[in-house]
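The values are calculated or read from the model by the stated rules, or taken from the named source; none is laboratory data. Fair warning: this is a prediction, and the values are worked out from it, not measured in the lab. With ligands, DNA and RNA removed, areas are computed over all heavy atoms of the protein, side chains included. Shrake-Rupley method; radii C 1.70, N 1.55, O 1.52, S 1.80 Å.
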Amino acid sequence: MKKSIYTIAATACIILMCGFTSAARSASDGARKSIENVIDNYRGNENFEVVKIGGWMMKLAGTRNCSSAKINSMIVVDYSDCQNNVKSGFTIEVLKAAEGCTKLMEVQEGNEKVTFLGTVSEDGSTISNPMILTDDGELVCFFGTINASELGDLRN
């Protein structure tokens with residue numbers, strides 16, 4: 001079940017190219033800044049790798065306009081090869097920064113776990129700033145909104 005962070009990033013980009021469109025900055029910039037601050041605090045650690053995909057790259061990915069998702073940017077972090085104290089500290093801080101988020105789903109296979117988080121709108125129609133966090137040391141953050149009814153379509 002262990003997936004390389006680059007595989008997750010490539011999959012995320014493919015999903016984006018097949019449906020997500022670029023849009024203006026998300027209303028929940030606070031959550032984004034909190035997560036980015038945690039990532040920036042750990043950047044100097046050995047084997048802590050960060051890939052940021054910004055607005056212009058997201059515009060390139062949004063070539064098809066078949067979705068109402070508005071993903072502005074994304075960050076992919078691989079900290080799987082960091083020392084255990086760095087891994088656990090980063091995970092704890094990310095979860096603190098995402099404290100207002102809802103656990104959308106958790107998948108566990110053996111000892112490995114993948115958690116999907118996001119902020120659900122009051123009416124339940126959209127999810128803002130969805131994140132994927134693995135206990136293997138991988139984090140993928142999407143900054144923007146996804147129509148909740150379209151999440152099932154991503155499996156196909």
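List of remarks:
- Accessible surface, the stretch 82-156, averaged per residue in Å² (probe 1.4 Å): 55
- Residue separation of Gln83 and Val51 scaled by 0.36 nm, minus their Cα-Cα distance, works out to 9.6 nm of gained length.
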